[in-house]
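To start, the structure under review is shown below, and the notes come after it.
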Amino acid sequence: MVVQNQAVAARPPIAESWRRSRDAGVDAAVAAAPLVFDRDTVADARGAHPLDPHLPLLRELLRGVADETEHLMVITDEAGHALWTQGPPAVRREAERIGLMEGFCWAEGAVGTNGIGTALATGRAEYVYATEHVAHVLHRWSCAGAPITDPDTGRVIGCIDVSATVEKLHPATVALVAAAARLAESRLEVDMRRRDERLRERFLRHLRGAGVLLTATGRILAAGREDWRGRRLAVPSEGGAVTLPDGRAAVAEPLGEVYLLRPYPGAAPGTAPAAAGAARPGADGRSLLTLSLLGTDQPSARLDGVHLPLTLRHAEILALLALHPEGLSGDRLSWHLYGDEGSPVTVRAEIHRLRAQLGGLVRAKPYRLDCAIDADFLTVRRLLDEGDVAAAVRLYDGELLPRSDAPAVRAERDELAVRIRRSALDRGGAEALWTYAQTEQGRTDLEALERLGDVLPQDDPRLPAVATRRALLLDGDA
């Protein structure tokens with residue numbers, strides 16, 4: 001890489017960017033940004049990106065301040081892949097020559113110092129003028145970019161950039177893109193707060209005084225101490241121990257979209273649990289039954305945090321009662337479990353055994369569960385109904401009770417598998433597709449792998465694994 005000789009020393013952010021570009025092996029003679037997405041892939045990536053609903057607002061803001069006859073607006077994802085551009089035809093024609101358009105990558109490692117890649121690398125708004133660019137082809141351009149951070153995860157999810165030829169872009173444009181980025185973040189925060197309220201409304205009653213409600217991204221939604229709200233904890237594994245802000249040890253109970261953290265009985269600040277276990281519920285509120293039935297040959301439940309192993313038959317009964325909260329008669333439950341060969345007498349015997357584990361929570365006439373229920377398959381179904389494909393795919397660990405032959409369970413399993421596959425293929429984006437491809441059914445899904453090979457960037461380290469698995473399927477060896 002050849003760095004330009006200048007009479008005046010480069011500004012510190014530019015000098016640091018030049019060093020990063022050199023270390024990445026960027027060639028100053030590069031002719032344009034590399035193409036990473038085709039047209040269909042760009043459409044998928046847009047639909048899956050959290051900024052998609054807020055694009056009209058960003059366009060309106062920039063249209064009102066920037067000169068729409070001379071400037072190009074670009075919005076990228078966190079990797080610098082351009083997803084949206086807007087500008088007049090003459091500017092767009094100039095931009096096409098250097099790949100400043102949808103589907104091209106503007107990370108520093110691809111084209112060197114530039115307003116998009118440098119802002120993403122530093123995590124702050126940046127202005128890059130003319131010969132401050134590493135690539136000679138960009139010396140006619142100036143650009144101002146600002147990263148956008150997701151308030152939920154705390155991670156950068158994209159960049160907003162305004163670019164123009166050298167004589168057209170004022171350095172003050174950096175303040176404009178910074179303001180646009182803050183506006184986008186404020187809108188994302190509004191969305192986050194709405195989700196938070198929905199989750200609190202659904203799960204708050206299960207806190208039982210001393211518990212903590214934690215999002216899947218590690219934010220404290222609710223706790224006995226108000227000053228904890230908004231703080232972050234390391235997201236625990238299922239049933240694992242986590243340390244609360246006051247030093248007490250708690251057990252993490254996964255409830256689909258959230259974790260319920262229950263302090264260990266008698267835990268004092270700074271103490272760790274002596275053995276695995278969970279806090280018993282208080283006397284207030286209904287008990288919470290959590291069902292983990294997806295993608296496992298060993299279904300299980302948690303009753304107020306206490307782990308309960310389940311036989312396959314008991315897991316089937318609980319799945320059916322969760323699907324029918326209004327209850328099922330003995331005849332209907334028998335038919336759902338055994339088809340025409342079922343008998344209410346057999347059902348009564350199984351219910352009797354199930355009551356030995358759950359006590360009075362299993363009611364009769366009709367059979368129903370007298371407790372709050374959080375079932376992983378129901379959460380996935382609800383997320384699909386709400387259009388949150390990424391979250392649904394993330395929570396989908398595999399087929400519902402894969403060893404079950406119960407007719408109603410098979411029907412629910414097949415329907416959910418078809419919905420999750422179709423949603424991942426049609427509206428999931430690269431990350432959702434990759435997550436789906438790690439499930440049992442996704443690993444042998446040729447269409448999903450082919451689509452994944454199309455949507456992943458060309459430099460993505462997962463591409464070789466996708467290509468290998470696809471080749472094995474085509475050869476019939478998978």
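Among what's in the range 291-330 and is in contact with a helix residue (DSSP H, G or I) (Cβ under 6 Å, 6 or more places away or on another chain), not in a loop (DSSP other than H, G, I, E, B) and not hydrophobic (A, V, I, L, M, F, W, C), pick the residue that is surrounded by the most Cβ atoms within 10 Å (Cβ to Cβ).
Across the range 291-330, the extreme among qualifying residues is 316.
Please work out which one of (1) in a helix (DSSP H, G or I); (2) of a type in the set (A, V, I, L, M); (3) open to solvent by 10 Å² or more (accessible area, probe 1.4 Å); (4) in contact with a strand residue (DSSP E or B) (Cβ under 9 Å, 6 or more places away or on another chain) is the condition residue 380 fails and give its number.
For residue 380, the failing item is (3).
Kindly evaluate residue 425 against the criterion of being in a helix (DSSP H, G or I) and crowded, with 21+ Cβ neighbours inside 10 Å.
Answer is no for this residue.
Looking only at residues in the range 14-56 that are among the charged types (D, E, K, R) and outside any helix (DSSP H, G or I), which one is nearest to the chain's Cα centre (by Cα)?
Ranking the qualifying residues of the range 14-56, first place goes to 38.
Residues of the range 37-49 being open to solvent by less than 60 Å² (accessible area, probe 1.4 Å), touching a strand residue (DSSP E or B) at 6+ places or on another chain (Cβ under 9 Å) and farther than 13 Å from residue 453 by Cβ, which ones?
Across the range 37-49, the qualifying residues are 42, 45, 49.
State yes or no: is residue 418 at pLDDT 90 or above, over 20 Å from the mean Cα position of the chain (by Cα) and open to solvent by less than 10 Å² (accessible area, probe 1.4 Å)?
no
Go through the range 112-223 and tell me which strands (runs of 3 or more DSSP E), entirely inside it, have 1 or more residues that are basic (Lys, Arg).
none
Residue under question is residue 356, and the condition is that it be surrounded by fewer than 20 Cβ atoms within 10 Å (Cβ to Cβ), in contact (Cβ under 8 Å) with a residue 60 or more places away in the chain and among the aliphatic types (A, V, I, L, M); does it hold?
Against the criterion (surrounded by fewer than 20 Cβ atoms within 10 Å (Cβ to Cβ), in contact (Cβ under 8 Å) with a residue 60 or more places away in the chain and among the aliphatic types (A, V, I, L, M)), residue 356 does not qualify.
Would you mind stating whether residue 450 is over 19 Å from the mean Cα position of the chain (by Cα), over 20 Å from residue 324 (Cα atoms) and free of Cβ contacts under 8 Å to residues at least 24 places away in the same chain?
The answer is yes for residue 450.
Name the residue, out of 392, 372, that is touching a residue at least 12 places away in the same chain (Cβ under 8 Å), open to solvent by less than 30 Å² (accessible area, probe 1.4 Å), in contact with a helix residue (DSSP H, G or I) (Cβ under 9 Å, 6 or more places away or on another chain) and within 30 Å of residue 46 (Cβ to Cβ).
392
Does residue 186 qualify as being of a type in the set (S, T, N, Q), modelled with pLDDT under 85 and under 21 Å from the mean Cα position of the chain (by Cα)?
no
Residue check, residue 178 against (1) touching a residue at least 12 places away in the same chain (Cβ under 8 Å); (2) surrounded by fewer than 17 Cβ atoms within 10 Å (Cβ to Cβ); (3) over 25 Å from residue 32 (Cβ atoms), all met but one. Which one?
In the conditions (1) touching a residue at least 12 places away in the same chain (Cβ under 8 Å); (2) surrounded by fewer than 17 Cβ atoms within 10 Å (Cβ to Cβ); (3) over 25 Å from residue 32 (Cβ atoms), residue 178 misses (2) alone.
Just name the residue that is nearest to the chain's Cα centre (by Cα) out of those in the range 157-173 that are surrounded by fewer than 24 Cβ atoms within 10 Å (Cβ to Cβ) and among the charged types (D, E, K, R).
If we take residues in the range 157-173 being surrounded by fewer than 24 Cβ atoms within 10 Å (Cβ to Cβ) and among the charged types (D, E, K, R), then 168 is nearest to the chain's Cα centre (by Cα).
Is there a residue in the range 392-401 that is over 15 Å from the mean Cα position of the chain (by Cα) and assigned to a helix (DSSP H, G or I)?
There is no residue in the range 392-401 that is over 15 Å from the mean Cα position of the chain (by Cα) and assigned to a helix (DSSP H, G or I).
I'd like to verify a number: residues in the range 344-367 that are touching a helix residue (DSSP H, G or I) at 6+ places or on another chain (Cβ under 6 Å) and outside any helix (DSSP H, G or I), how many?
Counting residues in the range 344-367 that are touching a helix residue (DSSP H, G or I) at 6+ places or on another chain (Cβ under 6 Å) and outside any helix (DSSP H, G or I) gives 2.
Of 113, 122, 149, which residue is touching a residue at least 12 places away in the same chain (Cβ under 8 Å), in contact with a strand residue (DSSP E or B) (Cβ under 9 Å, 6 or more places away or on another chain), of a type in the set (Ser, Thr, Tyr) and surrounded by 24 or more Cβ atoms within 10 Å (Cβ to Cβ)?
113
Modelled with pLDDT of 90 or more and among the basic types (Lys, Arg), is that true of residue 332?
So residue 332 fits the description; yes.
Let me spell it out: the conditions are (1) touching a helix residue (DSSP H, G or I) at 6+ places or on another chain (Cβ under 7 Å); (2) not in a helix (DSSP H, G or I), and residue 457 meets all of them except one. Which number is the exception?
Just one mismatch for residue 457, condition (1).
The values are calculated or read from the model by the stated rules, or taken from the named source; none is laboratory data. Computed from a predicted structure; not experimentally measured. As a convention, Cβ positions derive from the backbone with ideal geometry for all residues, glycine included, and neighbour counts pool all protein chains shown. SASA here: full protein model, heavy atoms, side chains in, ligands and nucleic acids out. Shrake-Rupley method; radii C 1.70, N 1.55, O 1.52, S 1.80 Å.
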